[in-house]
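Working notes for the structure below.
The values are calculated or read from the model by the stated rules, or taken from the named source; none is laboratory data. Just so we're clear, the structure is a prediction, and the values are computed from it rather than from any experiment. Glycine also receives a Cβ, built like all others from the backbone with ideal geometry; neighbour counts cover every protein chain displayed.
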Amino acid sequence: MQYNYIHLDKIQGEDKISLTRTLKDSEDLALFEQEAIQIIIDYKWETYAKRFFLIKLFTYAVFLVTFFVDLETLHGNASEEADVHPRIKDLPFIIRKVICELIQLYFLMYEIVQFRKEKKEYFKDFWNYFELLGIFLYQWASILDITNRIPATFAGFCLYSA
Amino acid sequence: MMMIQVVNDVVYFMLLFVIFILTFAECYHIVQVNTDAYGRLPAIAALFLGTLRSAMGDFSLIDPYQGFDIQRKQKPGVHCTDDACKYQHSRLIVFFTFFIYVVCVFFLFMIFMNFIIAVIGESYSKVNQYATAHDYRQRVIMIYEKEIHFGQEDFDNEEYFPNILIVRKKK
């Protein structure tokens with residue numbers, strides 16, 4: 001048996017987040033092949049980060065499924081003979097929109113908290129732009145949908161291009 | 001065993017692939033692409049198949065019902081009893097077109113496409129050499145993202161930030 005001791009208190013010091021910040025900003029891949037570094041990352045990952053991101057993934061999956069079902073009903077009842085099928089706004093429609101909006105709101109709050117903590121650093125990670133874009137585009141589509149502009153805009157576009 | 005290993009390796013890729021195809025199929029559905037060729041299949045299933053076909057290299061460039069043997073539209077009033085007069089090309093040309101088509105599929109899809117896959121596979125194996133290091137680096141970035149949401153009570157949590165880590169290893 002061999003026992004390895006990693007004195008985390010001496011490594012991380014007073015500002016406990018500084019350890020991960022330093023590791024995150026490191027460009028040297030060989031650093032992550034060090035066993036001690038791997039053990040520290042494994043510990044942090046298993047203790048709190050993994051569960052958190054799994055929950056976030058699950059939340060996003062719920063959003064995607066709801067959004068997908070919502071999009072499937074976009075063209076109304078296709079068996080009826082009409083050029084433009086109005087959006088059927090029944091109870092399931094409202095439930096779907098509320099679920100999607102709540103999840104998007106949670107994501108927006110998450111981004112805001114991240115921005116407030118990171119300040120300038122937030123805009124250096126380009127994935128953050130994608131996350132903001134995703135929230136913004138969903139809201140846009142959702143507003144167009146709720147205000148009934150999608151069939152009108154779509155028909156208008158078809159007329160315009162024809 | 002090798003088969004199981006290969007299936008295990010591609011399962012996440014396939015999942016991603018299905019998500020991509022579904023996304024594009026849904027895009028096509030929104031713009032209401034014609035799916036008459038698929039008969040009574042629901043539109044989304046037909047479009048899923050269509051997108052899968054194009055992802056796999058679908059070469060049906062002409063009308064999906066007729067292939068290359070295009071039937072000429074009969075003029076009203078013209079009576080045609082001969083089979084050959086209904087088609088645009090002679091039988092020989094049609095056979096030859098299909099032959100060229102098969103040769104083309106063989107060279108373009110089977111050989112050229114596999115070259116591309118081989119190149120991708122090589123680059124993947126290069127990345128794979130440092131996969132563990134990349135994996136740990138990515139996880140550190142995510143851990144940091146979680147940690148900036150921590151309050152003071154989380155930083156004082158002995159379980160989250162212990163003073164010492166003791167790792168036991170079997171020799």
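Could you tell me whether B:TYR160 is more than 30 Å from B:VAL10 (Cα to Cα), surrounded by 12 or more Cβ atoms within 10 Å (Cβ to Cβ) and in contact (Cβ under 8 Å) with a residue 40 or more places away in the chain?
Numbers: more than 30 Å from B:VAL10 (Cα to Cα): yes; surrounded by 12 or more Cβ atoms within 10 Å (Cβ to Cβ): yes; in contact (Cβ under 8 Å) with a residue 40 or more places away in the chain: no.
Considered against the rule, which asks whether it is more than 30 Å from B:VAL10 (Cα to Cα), surrounded by 12 or more Cβ atoms within 10 Å (Cβ to Cβ) and in contact (Cβ under 8 Å) with a residue 40 or more places away in the chain, B:TYR160 comes out as no.
Within the set of pairs 6+ apart or on separate chains, which have a first residue in the stretch A:118-146 that is closer than 13 Å to A:GLN104 by Cα, a second that is of a type outside the set (Asp, Glu), and C-beta atoms under 6 Å apart?
Filtered contacts from the stretch A:118-146: A:ILE135/A:GLN104; A:ILE135/A:PHE107; A:ILE135/A:LEU108; A:TYR138/A:GLN104.
If I filter the stretch B:120-136 for residues that are assigned to a loop (DSSP other than H, G, I, E, B), out of contact with any Lys or Arg (no Cβ under 8 Å at 6 or more places or on another chain) and surrounded by 11 or more Cβ atoms within 10 Å (Cβ to Cβ), do I get at least one hit?
Going through the stretch B:120-136, the residues assigned to a loop (DSSP other than H, G, I, E, B) turn out to be B:130.
Those left that are additionally out of contact with any Lys or Arg (no Cβ under 8 Å at 6 or more places or on another chain): B:130.
Next, from what is left, pick out any that are surrounded by 11 or more Cβ atoms within 10 Å (Cβ to Cβ): B:130.
Yes, the stretch B:120-136 has at least one match.
Please determine, by comparing only the residues of the stretch A:28-53 that are over 12 Å from B:GLN138 (Cα atoms) and β-branched (Val, Ile, Thr), which one is surrounded by the most Cβ atoms within 10 Å (Cβ to Cβ).
That would be A:ILE40.
A:ALA49: facing another protein chain (nearest Cβ under 7 Å) and farther than 30 Å from B:GLU26 by Cβ, yes or no? Outline the logic, then answer.
Working: facing another protein chain (nearest Cβ under 7 Å): yes; farther than 30 Å from B:GLU26 by Cβ: yes.
It is true that A:ALA49 is facing another protein chain (nearest Cβ under 7 Å) and farther than 30 Å from B:GLU26 by Cβ.
Name, by its number, the condition in (1) under 30 Å from A:THR73 (Cβ atoms); (2) at pLDDT below 75; (3) not hydrophobic (A, V, I, L, M, F, W, C) that does not hold for B:THR51.
The number of the failed condition is (2).
Specify which of the listed residues (A:GLU111, A:GLU46, A:GLU35) is out of contact with any strand residue (DSSP E or B) (no Cβ under 7 Å at 6 or more places or on another chain) and at pLDDT below 90.
A:GLU35
Being assigned to a loop (DSSP other than H, G, I, E, B), on the phi < 0 side of the Ramachandran plot and modelled with pLDDT of 80 or more, is that true of even one residue in the stretch B:31-40? Don't jump to the end; show me each part of the working.
Start the filter on the stretch B:31-40 by keeping residues that are assigned to a loop (DSSP other than H, G, I, E, B), which leaves B:31-35, B:39-40.
Adding the requirement that they be on the phi < 0 side of the Ramachandran plot leaves B:31, B:33-35, B:40.
Then keep just the ones that are modelled with pLDDT of 80 or more; that gives B:40.
So far as the stretch B:31-40 goes, yes, one or more of its residues are assigned to a loop (DSSP other than H, G, I, E, B), on the phi < 0 side of the Ramachandran plot and modelled with pLDDT of 80 or more.
Report whether or not B:MET2 is at pLDDT below 70 and either outside the structural domain of B:PHE99 (by TED's automatic domain parsing) or surrounded by fewer than 12 Cβ atoms within 10 Å (Cβ to Cβ) (or both).
Numbers: at pLDDT below 70: yes; either outside the structural domain of B:PHE99 (by TED's automatic domain parsing) or surrounded by fewer than 12 Cβ atoms within 10 Å (Cβ to Cβ) (or both): yes.
It is true that B:MET2 is at pLDDT below 70 and either outside the structural domain of B:PHE99 (by TED's automatic domain parsing) or surrounded by fewer than 12 Cβ atoms within 10 Å (Cβ to Cβ) (or both).
For B:ILE141, which of the numbered conditions (1) surrounded by fewer than 11 Cβ atoms within 10 Å (Cβ to Cβ); (2) within 26 Å of A:GLN34 (Cβ to Cβ) fails to hold?
Against the list (1) surrounded by fewer than 11 Cβ atoms within 10 Å (Cβ to Cβ); (2) within 26 Å of A:GLN34 (Cβ to Cβ), B:ILE141 comes up short only on (1).
Among the residues of the stretch B:120-133, is any at pLDDT 85 or above and under 29 Å from the mean Cα position of the chain (by Cα)?
Our first condition is that a residue be at pLDDT 85 or above; within the stretch B:120-133, this holds for B:132-133.
With the extra rule that they be under 29 Å from the mean Cα position of the chain (by Cα), the set shrinks to B:132-133.
Within the stretch B:120-133, one or more residues are at pLDDT 85 or above and under 29 Å from the mean Cα position of the chain (by Cα).
Which of the residues spanning the stretch A:8-32 are of a type in the set (Gly, Ala, Ser) and more than 9 Å from chain B (Cβ to nearest Cβ)?
Selection gives A:GLY13, A:SER18.
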